[in-house]
Amino acid sequence: MKDSFADIVTFKKLEDDSTLFDLADVLLYGKALCLDCRDCNKEVSQKCLNFLSGVTYAIDGLVEKLQPNIFLLARKEQYKNTDIKKFLEQYKK
């Protein structure tokens with residue numbers, strides 16, 4: 001049975017750094033993370049993105065900027081998933 005998109009990607013809105021380790025766990029447990037930093041101040045957003053980029057690198061992943069302050073973080077092989085490819089085509093600007 002094919003996984004639903006919600007089983008593959010977790011969507012999170014970043015407001016502060018209190019959930020930073022929980023967001024890292026999403027990646028470590030094998031799900032892609034779509035991170036919306038639009039409502040977070042620039043300094044906190046940059047701190048979180050730096051940390052999560054390191055986690056993404058450690059799991060052999062990539063960070064894709066979809067739109068200003070919206071990012072997709074995932075393992076390289078997850079970017080081969082048809083649903084993720086469609087998502088990127090639709091939202092990456």
Practice problem: Please arrange Asp25, Asp7 by accessible surface area, largest first, computed with a 1.4 Å probe and ligands excluded. | Solution: Asp7, Asp25
Quiz item: Tell me, what ³J(HN,Hα) does each residue in segment 16-23 have, in order and in whole Hz, if you take phi through Karplus 6.51 cos²θ - 1.76 cosθ + 1.60 with θ = phi - 60° and put x for Gly and Pro?
Solution: 7, 9, 5, 10, 4, 6, 5, 5
Quiz item: How would Glu77, Glu89 rank on accessible area, largest to smallest, probe 1.4 Å?
Solution: Glu89, Glu77
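Considering only the other residues whose Cβ falls under 13 Å of the Cβ of Leu23, what net charge follows from Lys and Arg at +1 and Asp and Glu at -1? Write down the numbers at each step before the final one.
Numbers: positive: Lys12, Lys13, Lys31, Lys47; negative: Glu15, Asp16, Asp17, Asp22, Asp25, Asp36.
With Lys, Arg at +1 and Asp, Glu at -1, the net is -2.
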Exercise. Mind checking the per residue accessible area of the chain for me, 1.4 Å probe, whole number of Å²?
Key: 64 Å²
Practice problem: Have a look at Ala74, Asn41, Leu88 and report the one farthest towards the positive end of the charge dipole of segment 39-93, computed about the Cα centre with Cβ charges (Lys/Arg +1, Asp/Glu -1). | Solution: Leu88
Quiz item: Is the shape of segment 30-82 rounded, prolate or oblate, going by the alpha carbon gyration tensor and its root eigenvalues a ≥ b ≥ c, with a/c under 1.5 for rounded and a/b larger than b/c for prolate?
Solution: oblate
Self-check item: Length-normalised contact order for the chain - Cα pairs under 8 Å, 6+ apart - percent
Solution: 26 percent
Exercise. List, largest first, the extents of the alpha carbons of the chain along their principal axes, each in whole Å.
Key: 39, 27, 19
Quiz item: Asp36: net charge of surrounding residues, Cβ under 9 Å, Lys/Arg +1, Asp/Glu -1, itself excluded?
Solution: +2
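So what's the net charge close to Leu14: Lys and Arg +1, Asp and Glu -1, counting the other residues with Cβ under 13 Å from its Cβ?
Working: positive: Lys12, Lys13, Arg38, Lys42, Lys47; negative: Glu15, Asp16, Asp17, Asp22, Asp36, Asp39, Glu43.
For residues surrounding Leu14, the net value is -2.
The values are calculated or read from the model by the stated rules, or taken from the named source; none is laboratory data. Bear in mind the structure is a predicted one, so any value in this text is a computation, not a measurement. Note that each Cβ is placed from the backbone with ideal geometry, even for glycine, and that neighbours are counted across all protein chains shown. Heads up: the accessible areas ignore ligands, DNA and RNA and are worked out on the full protein's heavy atoms, side chains in. Shrake-Rupley method; radii C 1.70, N 1.55, O 1.52, S 1.80 Å.
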